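Just below is one structure, and these are the notes that go with it.
Just so it is clear, none of the values below were taken in a lab; they were calculated from the coordinates. Fair warning: this is a prediction, and the values are worked out from it, not measured in the lab. Note that we place each Cβ from the backbone using ideal geometry, even for glycine, and neighbour counts take in every protein chain shown.
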Amino acid sequence: MRNAIFCLFSFSVLISCRSDVKKSTAWWVYANPGRTVLYWIDPLAADTAKVPVPKGVHHIIAGEWAYFAEGGLHEQNSGRIRRVNQQREEELLDFMAPGPGAQTQEWDVSQDGKKIAWKRFIPKGASNFAGTYELYVANLADRVPRLVWSAAYTGLAPQLLGFSPDGADIFVHENNWDYGPAGGLFKVNVQDKTITVFFRDRAHFPSVAFDQQGSKLAVFPGERTDKLIMIDLETNQLMDVPEVSFAFDRSILMSYGEGAMEERIDVEQAWFLPAGTRLLCELDTDEGHPYGLYLLDVQSGKSRKLLGLYTENVHARVACFENGGGPALITFWNDEGYEIPGTFRLSPDGAVSTFSGLDRVSGLTLIGVSKS
C-alpha cells in the first residue's frame with residue numbers, strides 16, 4: 001500500500017513506486033498529531049493530498065469527505081460540523097445547530113456519506129435531568145432535517161449508536177444514568193420511522209459492533225458481564241451464541257500512589273474481523289482504565305490475549321483491516337484523552353504480546369478510509 005513518497009512520513013515501504021500502478025478508488029486518510037492536517041494517501045500509487053483543516057474532534061470518514069465537530073471537546077455539542085475532501089473543498093454544516101438552551105449531543109454519518117443523523121436534547125427549565133430527546137436525520141444532498149423519533153426523559157437517556165452499514169436504520173440504546181433497570185436497544189428506520197425493539201432491560205452502556213456485511217450486530221451488555229448478545233439484522237432476531245470466556249481473572253488490583261483498588265474488567269469496544277466470525281475486543285476496568293486487546297471467536301466463545309494495555313496505560317481503536325482482512329491497523333491514546341501519534345499494525349494471528357512489539361507503520365494516525 002505504500003511507496004517511496006511515504007518515506008517522508010516514516011512509513012514502511014510495502015509497494016514500490018511505479019508509474020503504471022493503477023490508482024485506487026479508496027484513499028487512506030491520516031492525521032498529524034494535532035489533527036490540523038489531513039492526508040489522503042492512495043494505497044496503490046504515489047499520490048498524496050495534504051489538506052490543512054481547522055481544529056476539531058470526533059472525526060468520521062464517509063464517502064469522499066472527512067467530517068468533524070468544530071473546536072475542542074467542550075464545543076462538540078454546538079451542532080457545527082465541518083467536512084473537507086482531498087480537493088480542499090470545505091463546508092460548514094450548521095443546520096444541526098440546536099437553538100437556545102438545547103444541545104446537539106451526538107451525531108453520525110452513514111458509511112456512503114449520503115445521510116447524517118444527530119440527537120438533540122431540549123432541557124425543561126434549568127435542569128439537565130428533565131426535558132425531551134429528539135433524533136433527526138437529513139440527506140446531505142438537500143440538508144432538510146426530519147424528526148424521526150422523540151421521547152421525554154424518564155431516567156433512560158438515548159445513546160446514538162450510529163447508522164446501520166447500509167444507512168437504512170439508526171441504532172439507539174437507552175442508558176439508565178442512575179444504574180436502575182438496564183436499558184434497551186432499538187432501531188429507527190430513516191424512511192418510515194418504524195421502530196424495531198431488539199431487547200429491553202438487558203444492557204448498561206453497551207459496546208456494539210457491526211460485521212462488515214451488515215448482517216450481524218454484536219452487543220456486549222456492560223455491567224460487569226461477559227455476556228454476548230448477537231442480533232441477526234436480516235431477521236431482526238436474537239441469535240444463539242455460547243457463553244463468552246475471556247482468559248483472565250474478572251478483576252485486577254490497580255495501584256494508585258500508595259494505595260490500590262480492585263477493579264472489574266469489561267468489554268469497552270469491539271470490532272468484527274472481515275470474515276465475521278471473530279471480534280477484536282478492547283477490555284477496560286469499570287473505572288475506565290485500559291486492560292488489554294483480546295481476540296474472540298464468536299462461534300466457540302473462546303478468546304486469547306493479543307496485547308496488554310494496562311502496563312502502558314493506553315486505549316486502542318481499530319482504524320481498518322489491511323488487504324480486506326489482514327492485520328488490524330490501530331491507534332492509541334492515554335487516559336487523559338491525548339492521542340499517541342502514529343499507526344500500529346497488529347496481526348490477530350501473530351504472537352504480539354507487548355505494546356513495544358507492535359509494528360509501527362507511520363508517524364501519522366490513520367482515521368479511516370475515504371471512497372470516491
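Overview of results
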| read-out | value |
| --- | --- |
| Unsatisfied cross-links (Cα-Cα over 18 Å) in the set LYS119/LYS193; LYS115/LYS187; LYS119/LYS187; LYS115/LYS193; LYS55/LYS115; LYS227/LYS302 | LYS55/LYS115 |
| Calculated SAXS-style log₁₀ I(q)/I(0) at q = 0.32 Å⁻¹ - the stretch 263-302, Debye, Cα scatterers | -1.00 |
| Equivalent ellipsoid semi-axes - Cα gyration tensor, the stretch 81-158, angstrom | 27, 13, 10 |
| Dimensions in Å of the stretch 136-201 - Rg and Dmax from alpha carbons | 12.9, 42 |
| Taking CYS320, CYS281 and counting other C-beta atoms within 10 Å, the order from fewest to most | CYS320, CYS281 |
| Sorted by Cβ neighbour density within 10 Å, fewest at the top, the residues VAL137, VAL267, VAL197, VAL314 | VAL197, VAL314, VAL137, VAL267 |
| Extent along principal axes [Cα atoms of the stretch 263-332; Å; largest to smallest] | 35, 27, 15 |
| Kirkwood Rh and Cα Rg combined as Rg/Rh, the stretch 285-372 | 0.97 |
